[in-house]
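Here the structure comes first, spelled out in structure tokens, and everything after it is commentary.
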Amino acid sequence: LAQSLFALFASSLAISLVFAIIPLCHNVVVLAVVMAVAGLAMGCIDTISNMQLVKIYQKDSAIFLQALHFFVGFGALLSPLIADPFLSDTNCILSNSTANASSNLPHIRKSLVPHHPGNLSHYDLPMKGMVVTRVSYAFWIMALINLPVPIAVFFLLYKERMVPCFNSSSHPLLSADELAMETRPTEKDDLSTTVQRPHAAGGHDDLFSCCQSKNFRGASYTYFAVHITGALVLFMTDGIVGEYSGFVYSYAVEEPLSVVHKVAGYLPSLFWAFITLGRLISIPVSYRMKPATMVFINVVGVLLTFLLLLIFSYSVVFLFVGTASLGLFLSSTFPSMLAYTEDILQYKGCATTVLVTGAGIGEMVLQLLVGSIIHDQGSYSFLVCGMIFGGLAFIFYAFLLFFHRMYPKPSSDMDEASPDKPAVMDDTGQYQR
């Protein structure tokens, strides 16, 4: 826990520093390095927050994972609204022809469509002069908004007596958390034995336990198959999130739809709004419905939505309806898949790390792939790619269900345990209800 909290503190503080530095980068190489640091920090936060929720709450983690990812979507929805007031409709380069360029800007925008620029030779575009922009304020505001996060993490470290300089007068916060107590020893257990016997079989003992070969000794092929198929499902579904939000605008403004640019600009916002709404709805739903059922509904819903988008590809109205539907079905896929896979592995594998990595790679790779295909084959291939990715996600999920049936059952079923039953340490050192 201490390693994870220190990593969260450093990563969240790095994000505030990066956002403050971005407007000061006047070289593309420096900007690339700064953005790489931001990506590394966000990846650490994504992995550690998911991993710790699964470790602390285990079979109760589905609800908390849904809440976590609701705030991910909520932040993605709010951040463009924060930046929007600082995006100018006028030219940012001051020169003698600024006035003409500013008045021509709406006409220039209408003549530009992705990959097919119109004739701009009759527009006067100044390329030299003093650059004036207000977008820097958006980055600095985001840096300030994020600053309370590392402060809160440091406060948690302080209250848990994990800060070397301040570990004498504070009282722990987590001792009163009943759900967290499920993973801690009871009063009858010998604490010294617990310290001497770390959770050797668990995959969440420290940040690097997944890399230790001793965790793989004697593991069946289904152990690895569950990890791989779960990661492949998220590779496809998170890849769809990235490619759809990134290219739905380009698809809408080109033929045959030819949507007005300003109207098409609402599509990514609509997509993220329904992802956020879906994650909010999934919080109470996950309390009643099993993660495996939720993932099945999500994958089938994505496949059917892309099929209908292909059938009604000439309908602008259905493009908006399909975008909203796709956002709803994709919203809870990641947290539900994470809870389901960890449940299969009895919370002793490296599923969280593998799944987060697979999802991140999919979001990166599929955007590059779809972008190159659209450039070569036209905008219609955008929906065809989505349909193919949705079909592959369904196939990989079917394989996951198959390997779940083949995976060896635990000796004692945690599902049948009473919630009032005290924690008991099994022979692997894991505390269970």
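Read the figures in this text as sums done on the coordinates, not as results from a lab. Remember, predicted model here, so these are calculated numbers, not experimental data. Glycine gets a Cβ as well: all are built from the backbone with ideal geometry, and neighbour counts include every protein chain shown.
Taking 32 Å as the cut-off for C-alpha to C-alpha distance, list the pairs among LYS159/LYS409; LYS59/LYS159; LYS159/LYS348 that go past it.
Details: LYS159/LYS409 39 Å; LYS59/LYS159 26 Å; LYS159/LYS348 28 Å.
Long pairs (Cα-Cα over 32 Å): LYS159/LYS409.
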Region 223-237 - phi-based ³J(HN,Hα) in whole Hz, Karplus 6.51/-1.76/1.60, Gly and Pro as x
4, 6, 5, 5, 4, 5, 5, x, 5, 5, 4, 6, 4, 6, 5
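Quote the FRET efficiency, to the nearest 0.05, computed for SER258 versus MET364 with a Förster distance R0 of 22 Å and r equal to the Cβ-Cβ distance. The partial results should precede the final answer.
Values: r = 30 Å, r/R0 = 1.37.
Plugging the Cβ-Cβ distance into 1/(1 + (r/R0)^6) gives 0.15.
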Between ASP376 and ALA32, what is the spin-label point distance in nm, taking each point 7 Å from the Cα along the Cα→C-beta axis?
2.4 nm
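Given a Förster distance of 56 angstrom, what is the FRET efficiency for ARG405 paired with ASP84, based on the Cβ-Cβ distance and rounded to 0.05?
On the way: r = 50 Å, r/R0 = 0.89.
After rounding to 0.05, the efficiency reads 0.65.
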So for R0 = 35 Å, FRET eff. of TRP140-ILE281 from the Cβ-Cβ r, to 0.05, ends up at 0.55
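How large is the Kirkwood hydrodynamic radius of region 221-409, in angstrom, based on all distinct alpha carbon pairs?
On the way: mean 1/r = 0.0595 Å⁻¹.
When all Cα pairs of region 221-409 are included, the Kirkwood radius is 16.8 Å.
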What does the highest-first list of 30-36, 302-308 look like by mean Cβ count within 10 Å?
302-308, 30-36
With a point put 7 Å past each Cα toward its Cβ, work out how far MET42 is from ILE395 in nm, to one decimal.
3.0 nm
Part-to-part distance (alpha-carbon centres) for region 276-315 and region 324-403, which is given in Å
13 Å
Using 7 Å Cα-to-Cβ label points, what is the LEU304/LYS290 separation (nm, one decimal)?
2.0 nm
